[in-house]
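Written out below as structure tokens is the structure these notes cover.
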Amino acid sequence: MSSFAVFGNPIRHSKSAEIYALFAHEIGISKEYHLKLAVQDNFNYLLHNFFKLGGLGANITSPFKENAYFLCNQLTERAEQARSVNTIKKLKNGTLLGDNTDGVGFISDLKRLNWLDNNNHIASHDKPTMVTSILLIGAGGAAKGIIPMLLTTITTCHINIVNRTFSRAQEITSYYQEIGYKNISCLPLYKLRYDTNKYSLIINATTSNIHNTIPKIPSFLVTPDTKCYDLFYTKKDTLFITWCKKNGANYCADGLGMLVGQAAHSFFLWHNLFPTIDPVINHLRSALYM
């Protein structure tokens, strides 16, 4: 039985095992890490059986993060607020602790990119504003994972959510407002054409790249100083990043750094040792071009 594993569907192209192996080699840990393909009908059974037979930790990827949330005995605050779990640790008493490292992994990557300054403001080469406006495109699991950390980390920020299905954006906005966050709102996608906000950070948290499309947002929202981040990553620039650059964005990044960042925080939860992130990002980036 492997000590660690990632559960998802699809799972064949997951980088989790490779990332874990690189971290483990650096730290000097020898543990197995396997890929576990699951479906909705057997995910709960496979996960419980994994831990019953000696598993120590698990990563959870799409589409099971919300399922995992309900299977844990304890939750970290960030998992509780995200209402989804991407990392589980089996505690010494046998109970399962659920965490969500997506948000902290995202913040780690913003810092790595020098997009956050020492005061946790979005770094700006333009005239600074009193409130950092963030446009979050998408209201699914990926968005839920990063919203709490954005709201609690970035100084004086306000998140505006747009989504193809507006009711979904309303639902997620209402949830965070109800638990005390007032600096979040939403609007229908078509109303962006009348939006006068100057966004410091635009995040694509949709699956548009999988469908070979880009979110339908007005190009005037992108300026040379706007930071544009796509949670997706590909061998070349994603379609969204290509579109942002075409419309004048000078600061663009894909989600590979976030992927490694969230994995590093999962590793820390399991082993209480934090691995080095940059060499792993560089390794994976080089491998994409091989």
ask   = Of K65/K90; K36/K111; K182/K245; K182/K235; K191/K235; K31/K65, which sit over 28 Å apart, Cα to Cα?
value = K36/K111; K182/K245; K182/K235; K191/K235
remark   = Per principal axis, largest first, the Cα atoms of region 104-254 extend in Å by 39, 36, 31
query = Taking the Cα centre of each part, how many Å lie between region 2-30 and region 61-120?
reply = 17 Å
query = Cα to Cα, under 19 Å, and not fewer than 8 places away if on the same chain: which aspartates and glutamates meet these conditions relative to K198?
reply = D117, D126, D225, D230
message = Order 100-109, 80-89 from most to least packed using the mean count of other Cβ atoms within 10 Å.
response = 100-109, 80-89
query = For the peptides 251-260, 180-189, what is the packing order when you average, over each peptide's residues, the other Cβ atoms within 10 Å and list the highest mean first?
reply = 251-260, 180-189
message = Along the charge dipole of the chain, pointing to its positive end and built from +1/-1 on Cβ of Lys, Arg, Asp and Glu, which listed residue (Y20, G248, N212) has its Cα farthest out?
response = N212
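Using only Cα atoms, what is the ratio of the radius of gyration of region 183-290 to 2.2 N^0.38 Å?
On the way: Rg = 16.2 Å, N = 108, 2.2 N^0.38 = 13.0 Å.
Compared with the compact-globule rule of thumb, region 183-290 sits at 1.24.
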inquiry  = Given the DSSP H assignment, sum -39500 (n - 2.57) over each helix run of at least 4 residues in the chain and divide by its residue total; what's the result at 222 nm in deg cm²/dmol, nearest 500?
reply    = -11000 deg cm²/dmol
inquiry  = Ignoring solvent entirely, what values of log10 I(q)/I(0) come out of the Debye formula for region 7-137 at 0.15 Å⁻¹ when each Cα is a single scatterer?
reply    = -0.84
query = If we restrict to alpha carbons, what Rg and Dmax does the chain come to, in Å?
reply = 18.8, 57
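May I ask you to compute the full-extension gain from N114 to S167, defined as 0.36 nm times their residue separation minus their alpha-carbon distance, rounded to one decimal in nm?
Gain in length upon complete extension: 15.6 nm.
With +1 assigned to the C-beta of every Lys and Arg and -1 to the C-beta of every Asp and Glu, and no other charges, what is the dipole magnitude of region 1-64 about the Cα centre in debye, to the nearest 20?
On the way: 5 positive and 4 negative charges, 15 e Å.
I would put it at about 80 debye.
Any read-out appearing in this document is the output of simple, stated calculations on the displayed coordinates, not a laboratory observation. Bear in mind the structure is a predicted one, so any value in this text is a computation, not a measurement. As a convention, Cβ positions derive from the backbone with ideal geometry for all residues, glycine included, and neighbour counts pool all protein chains shown.
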